[in-house]
Each structure stands twice: as C-alpha cells, then as structure tokens.
1. I'd like to check something: does the stretch 68-90 contain any residue that is open to solvent by 90 Å² or more (accessible area, probe 1.4 Å), more than 21 Å from SER171 (Cβ to Cβ) and not in a helix (DSSP H, G or I)?
2. Just to check your reading of the model, which residue among GLU78, GLU104, GLU112 is of a type in the set (Asp, Glu), on the phi < 0 side of the Ramachandran plot and not assigned by the TED database to the domain that holds GLY200?
3. Step by step: first the residues of the stretch 223-273, then only those that are of a type in the set (Gly, Ala, Ser) and farther than 25 Å from HIS287 by Cα, then the one that is modelled with the lowest pLDDT. Which residue is that?
4. Test of understanding: among VAL101, VAL116, VAL128, which residue is touching a residue at least 60 places away in the same chain (Cβ under 8 Å) and of a type in the set (A, V, I, L, M, F, W, C)?
5. Among the residues of the stretch 173-193, which ones are under 20 Å from SER118 (Cβ atoms) and surrounded by fewer than 19 Cβ atoms within 10 Å (Cβ to Cβ)?
6. What are the residue pairs meeting all of these: first residue in the stretch 201-217, first residue more than 10 Å from LEU239 (Cα to Cα) and without any contact (Cβ under 8 Å) to a residue 12 or more places away in the chain, second residue of a type in the set (S, T, N, Q) and not in a strand (DSSP E or B), Cβ atoms under 9 Å, and 6 or more apart or on different chains?
7. Please determine, by comparing only the residues of the stretch 268-292 that are free of Cβ contacts under 8 Å to residues at least 60 places away in the same chain and of a type in the set (A, V, I, L, M, F, W, C), which one is surrounded by the fewest Cβ atoms within 10 Å (Cβ to Cβ).
Amino acid sequence: MYLPKITRLPSVRLLSCIQQQLLLPSIPPPAPRRAVSEGEYRRPGQPREDKFPWEPINFGFSKGLEGIKKHFHLLKKEFSDRWVGPEGKPLLEHMLEQNRVMWEFRGLESLEQWTVASDREIGGQSDVHLKLGKNNDTCFLYGTLNSTPPRDGETSYSGYCSMRSQQPLASLNRKKHYDLSSFNTLHLRVRGDGRPWMIGIATETYYSHQKNDMYNYFLYTRGGPYWQDVKIPFSKFFLTHCGRIQDDQHPLWLDKVNTVGFTLADKADGPFQLEIDFVAVSKDYAHTEEFAYELYKRNPEV
C-alpha cells in the first residue's frame, strides 16, 4: 500500500497514521467518554461546590439519639392510630366529617410547616418573608416583587414569590399523604391587597418526569381591611406542568395530596402582602360537578 509523504511526519504522527491506515482501517477512532456521574445543573456564574454528599449531614451521637426517639414515637403513633380508625379517628366520625382545618396559624411552630421561596433562587431580585400577624393568630406573608430577569444570558423571565407547605413525613422519613377524598371544596379565610394569587396543589405521581405537575386555580383578593372567605371546588383545579397548562386534563387526585401552596407572579413590581387565617377543606353537598374541563378520549368510540 502506497503512503504518500508519510516519512516526512514526526515519529508520533507517523505511528498514528500507520495504525489508522494499515493496522485498523475499519475501526473508527474512539469517541470521547462521558463522565460516570454528572453533577447537578449549575446556573451561569454559580460557583462549584466541591463537597461530598455526606458532608452536610450531622453524624453526632446526640443527633442520632434524638432521631431514634422521634421515629420510634411516630411508629408507635402509626400503630395506635390503625387500631382506632382511619387517620386516628373512629370510623363513624371519619364518615360523617364535613369540615377539616388543615392548617391554622396560632404560634411560631405552625410556621415551621411552610416554606417560602422567590426568584432569588435563579438570580432574581424579589424578596419574600413569613411571620405571624399582630395577634399571633394569623400568617402574614409579605415582600417585594421584582420582575427584572437576572443577567446570566439564559433566563428571560423572572418575578415570583411563593409559600408552600412541607411534605408530611411518617416514621423513618417515609412519605405521607393527605387523604381528602371525603371532601370536594377548599376553604380559605384570607385578607390580601387586591393582587391575584395562584393556588397550587401537588399530588403524588407515578413517574419521575411528573414531579413538576401541579393543579392550580386562581385566588382573587379584594384588598382592604375586611376578611374574605373563599371556597373553591376541587373540580375547578386544572393540571399544569412547570407553569404551562396541559391539553390532557384529568381530575385532582384527592387521596394522594402532598402540598398546598400560594404563588404571586402578576408582573406588577412593588410590595405585596397576604394574611391567612386558616386553610381548610369541606364537603359541599350542593356541588355535584366532578370536573369542570373537557376530558379527551385517547381512543374515541366510533
């Protein structure tokens, strides 16, 4: 086989050319290998954290003993509640229950069940805070909304503040769900400043790509010094994924509710406030609607 100008090349390049042309003519050059484990996505400008996953964990003896006591107490409560009835209530009381207060704010420990977030997580400038009201019997959510997007060359939209309940956990940090299948209406007592809010209910999903699915509906506050009682049927909640309404709609899965949240993103920059007295659910026998939106059949009947 004739190799033109192959002797004029350096020794390293000469060997590589001979290997490619004579020894291994049919085998393509190896592709670059991917890393075995890829880290989480980092936004532009965010520094890399060179830490092992177990470094933030506290392995202290006192912390471990406290965790053992906590989980054994929860496990004991689970066994005792099973003997009493559903969710630790007698069966007759569970069947005749028409109203249930899910969250009410009567102390600092009630605020620990909620988490606040804003667009500062993506580099935005909005600010949100959570505290008790003047009489320590309400929840006061306030802050400043700023829709200016971060200058990272990637994010185009910004400006949101939210408040969301935490995922309930059973013993050994197992997921626990709220069973609201006996109710059909969400009942709120709020006092706002006239801004429109979005209520979001997250349920348990089958697949990991559905983790951002959420059922939403609007909450319109009147503003002023007076409280307003808001009742929203669960049949009015529509399915969204990452904030986008989905074509394939289906009713809310009431027996697997994980969290409930409130989000403000009306693009009106400035201060805001929302005061919440309680979040409850109720059974309205006058409401018979199962789902307010059209359900598409995947295989329509001919």
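1. no
2. Answer to the selection: GLU78.
3. GLY224
4. Testing whether each residue is touching a residue at least 60 places away in the same chain (Cβ under 8 Å) and of a type in the set (A, V, I, L, M, F, W, C) leaves just VAL101.
5. ASP193
6. What qualifies is LYS211/THR205.
7. ALA286
Rundown of residues vs (1) in the same structural domain as ASP247 (by the TED database); (2) of a type in the set (Phe, Trp, Tyr); (3) modelled with pLDDT of 90 or more, yes/no style:
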| position | (1), (2), (3) |
| --- | --- |
| SER126 | yes, no, yes |
| ASN135 | yes, no, no |
| GLY143 | yes, no, yes |
| THR148 | yes, no, yes |
| THR155 | yes, no, no |
| SER165 | yes, no, yes |
| HIS177 | yes, no, yes |
| ILE201 | yes, no, yes |
| TYR207 | yes, yes, no |
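The values are calculated or read from the model by the stated rules, or taken from the named source; none is laboratory data. Just so it is clear, the model here is predicted, and its values are computed rather than measured. Cβ atoms come from the backbone with ideal geometry, glycine included; neighbour counts cover every protein chain shown. All accessible areas refer to the heavy atoms of the entire protein, side chains included, with ligands and DNA or RNA removed. Shrake-Rupley method; radii C 1.70, N 1.55, O 1.52, S 1.80 Å.
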